[in-house]
Amino acid sequence: MVRAGVVNHPGQWNESGFCEIQEPPKRYAIVDLRALSELCGFGELADFQRAQHQWIEEALEGAPAVCDDRWSEAIAVGSLAFVETVKNDLGVKARHRDVIEADRRYTLRESPEAYAGKFTGKKDVLSVE
């Protein structure tokens, strides 16, 4: 919501992951904070929370954030092993999906050709006739 200009800081958006990490709900949590903290290399949740807060502050000090299409248009983003696991787990649903590598990062997404024949780019004037 920061990129969209709705808020200036993710802490101003109560439904953000930032808020759930910084002030975990007592019930009905979405994020497994213990697992996420361990996966990020932290032994203590408080250390992870401080680091995440610092990462956000540093990101907000820099240039305005731009949309990274990998996160909004891909089915999975991560290591090659992770993306291939997701593709295998999806089975037939992933049949026309490609694993694409860019800058040592992998995504699982539909190939651009999937829509090429359906949308020609031709534009017609709208009229009542």
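What does the charge add up to near Trp55, with Lys and Arg as +1, Asp and Glu as -1, over the other residues with Cβ less than 14 Å from its Cβ?
Charge balance in the 14 Å sphere: -3.
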Check: Per-residue HN-Hα couplings for segment 21-34, Karplus 6.51 cos²θ - 1.76 cosθ + 1.60 at θ = phi - 60°, whole Hz, x for Gly and Pro?
Finding: 6, 6, 9, x, x, 6, 9, 6, 6, 8, 8, 7, 5, 5
Next item on the list: In nm, give the distance between the simple-model label positions of Ala102 and Ala46, each being 7 Å from the Cα along the Cα-to-Cβ direction.
Entry: 4.1 nm
Next item on the list: With r as the distance between the Cβ atoms of Trp55 and Asn14 and R0 = 25 Å, compute the FRET efficiency 1/(1 + (r/R0)^6) and round to 0.05.
Entry: 0.80
Notebook entry, point to check: DSSP loop chymotrypsin sites (Phe, Trp or Tyr not before Pro) in segment 1-94 with at most 11 other Cβ atoms within 10 Å of their Cβ, which ones?
Noted result: Tyr28
Note to self: Is the C-alpha gyration tensor of segment 10-62 telling us rounded, prolate or oblate? Criteria: a/c under 1.5 is rounded; beyond that, a/b larger than b/c is prolate, otherwise oblate.
What the structure shows: oblate
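Bear in mind these aren't lab numbers, they're just calculated from the coordinates by the rules spelled out. Treat the numbers as computed from the prediction; the structure is a model and nothing was measured. Quick reminder, even Gly has a Cβ in these numbers, built from the backbone with ideal geometry, and neighbours come from all protein chains shown.
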